[in-house]
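To keep things clear, I will list the structure first and then write my remarks on it.
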Amino acid sequence: MGAQAGLSSARLARLQATMQAHVDQKHVAGLATLIARKGKLAHFACYGKRNLESGAALTEDTIFRIYSISKPLTCVAALLLYEEKRFGLDDPVGKFLPTLGEMKVYAESGPWRAQERPMTIRDLLRHTSGLTYGYSASHPVDALYQKANILNRKGTLKEMIKKLAKLPLRYQPGSQWYYSLATDVLGHLVEVLSGQSLGEFCTRRICAPLRMPDTGFELPAEKFDRLAAIYSRTEAGALVPWGGSIETTIYQKPVSFHSGGGGAFSTLPDYLRFCQMLLNGGALGKTRLLKRETVAEMTKNQLPAPFRPGMGFGFGVQVCVDVAATKQPGSVGTFGWAGGGNTYFFVDPKQELIAMVWSQLSGTTTLSQEMREAVYEALL
């Protein structure tokens, strides 16, 4: 399978041994790796358990919470509306979500300032909006986010926008790249323009046409047993359920908060079809989802300067602009992203290559780096 796609079978076996070692050493409960090249599946392997408590093995149809690799999905949803001329990329967000157009910018002293130029939809897509996530209370704006419980999973995106409008931006729109809940705001924009929930829109306009039956923002009860449990590691290195038991952390119906920035679930085969559509320039088989020019806009660097060494950012994905500066193998133009539960993917258009390594662990690992190195070492 690997040789037909231009990859060394022997070196893919080394990749499997490396990944299995992470399970054997209890770094993670389970994980999966997938590689496709030139439209052919070259490698798909599963390791360990999807649920340590039940003993269920991690299998090819295991459903993962994909966290921040929900963002490319939401960006594609927005770009479908862009192609329908429902908005322009440089339209002010306030044109469609008026209260956000009135947001002030935080100042350390004196009154909060007016926006020097309006936050645009392009800013939401590329994380230059001035918004933040509120994960760290070390900055006054983040502390305000925490106090307001901005990402209240029991609420709605509409309620999030209402609370957000009362808070300041962390910095002036367009002045810097800063990772934020901009994609959640973008998800609500999709809801406003389409008249559907974000999940419903993605199911009808993306997942159904691309035949991605296990991707969405809600999980039917009959798929519950296929969902991987999420773990964290104690200081002693033991794996323990993260955020309570699997029953309390599942995305069960009814889900009121469809987090475009991190609330979707999927399987590797489903997400492969999504990535292949992007690699193909917006089409998969006889189905064309987006124009080639739109995908090119999404997967090109949109920033004036790298946000990390060698890396620019497009719409929902980072983009390699300088291979040497990244200090990792790849090609200029390679794009991808990672999710907080250790779900990682990249697409290398030059090599016609798609690769993924997915696990369900809250915490840092070396999986993505090791996977990327192994993939490029396996290229023939």
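The values are calculated or read from the model by the stated rules, or taken from the named source; none is laboratory data. Everything numeric in this text was worked out from a predicted model, so none of it was measured. Backbone-built Cβ (ideal geometry, glycine too); neighbour counts: all protein chains shown. For accessibility, only protein heavy atoms count, side chains too; no ligands or nucleic acids. Shrake-Rupley method; radii C 1.70, N 1.55, O 1.52, S 1.80 Å.
For the reader, a short list of remarks on this structure follows.
- Between Arg153 and Lys85, the contour length at 0.36 nm per residue exceeds the alpha carbon distance by 21.4 nm.
- Between Lys95 and Arg288, the contour length at 0.36 nm per residue exceeds the Cα-Cα span by 66.5 nm.
- Residues whose placed amide H lies under 5 Å from that of Leu361, excluding near-sequence neighbours: Tyr231, Asn342
- Partners for Lys49 among aspartates and glutamates (Cα-Cα distance below 16 Å; same-chain residues under 8 apart left out): Asp24, Glu60, Asp61, Asp225
- Rounded tilt (10° steps) of 182-194 against the dominant C-alpha axis of the chain: 80 degrees
- Accessible surface of the chain, 1.4 Å probe, proportion on carbon and sulfur as whole %: 52 percent
- Cα-based convex hull, the stretch 1-100, per residue volume (Å³, whole number): 181 Å³
- Here r is the Cβ-Cβ distance between Asp61 and Ala208 and R0 is 22 Å; the resulting FRET efficiency, rounded to 0.05, is 0.75.
- A viscosity of 0.890 mPa s and a temperature of 25 °C, combined with the Kirkwood radius over Cα pairs in Stokes-Einstein, give a translational diffusion coefficient for the stretch 199-327 of 142 µm²/s.
- Pairs of Cα atoms nearer than 8 Å and 6+ residues apart set the relative contact order; for the chain it is 22 percent.
- The lysines within cross-link reach of Lys40, meaning a Cα-to-Cα straight distance under 19 Å and a gap of 8 or more places when in the same chain, are Lys286, Lys350.
- Shape summary: the stretch 1-54 maps onto an equivalent ellipsoid whose semi-axes, from the alpha-carbon gyration tensor, are 25, 12, 6 Å in decreasing order.
- Amide hydrogen proximity for Leu284: with H placed 1.01 Å from N in the peptide plane, the residues at 5 or more positions away or on another chain lying under 5 Å are Leu289.
- q = 0.12, 0.21 Å⁻¹, the stretch 120-214: log10 I(q)/I(0) [Debye, one scatterer per Cα]: -0.43, -1.06
- Computed 3J(HN,Hα) for the stretch 112-123, one whole-Hz value per residue from the Karplus formula 6.51 cos²θ - 1.76 cosθ + 1.60 where θ = phi - 60°, is 4, 9, 6, 5, 5, 8, x, 4, 10, 5, 4, 4, glycine and proline marked x.
- Lys pairs, the stretch 51-186 - Cα-Cα below 19 angstrom, 8 or more residues apart or on other chains: 18
- Burial order of peptide ranges 269-279, 40-50, 138-148 (average beta-carbon count within 10 Å, highest first): 269-279, 40-50, 138-148
- Nearest-20 debye value, the chain charge dipole, Cβ charges on Lys, Arg, Asp, Glu: 460 debye
- Relative to the longest principal axis of the Cα atoms of the chain, the long axis of helix 268-279 makes an angle of roughly 60 degrees.
- Rounded accessible area per residue of the chain, 1.4 Å, Å²: 42 Å²
- Averaging Cα coordinates gives a centre for the stretch 56-111 and one for the stretch 171-240; these two points are 11 Å apart.
- Kirkwood-type hydrodynamic radius, the chain: 21.3 Å, calculated from all non-identical alpha-carbon pairs.
- Each residue of the stretch 281-287 was assigned a 3J(HN,Hα) from its phi angle through the Karplus curve 6.51 cos²θ - 1.76 cosθ + 1.60 (θ = phi - 60°); the sequence is x, x, 10, 9, x, 8, 9 Hz, with glycine and proline shown as x.
- When the convex hull of its Cα atoms is projected in every direction, mean area for the stretch 44-138 (nm²): 10.7 nm²
- In order along the stretch 334-345, phi translates into HN-Hα couplings of 5, 10, x, 6, 9, x, x, x, 6, 10, 9, 9 Hz, rounded to whole numbers, per the Karplus curve 6.51 cos²θ - 1.76 cosθ + 1.60 with θ = phi - 60° and x for Gly and Pro.
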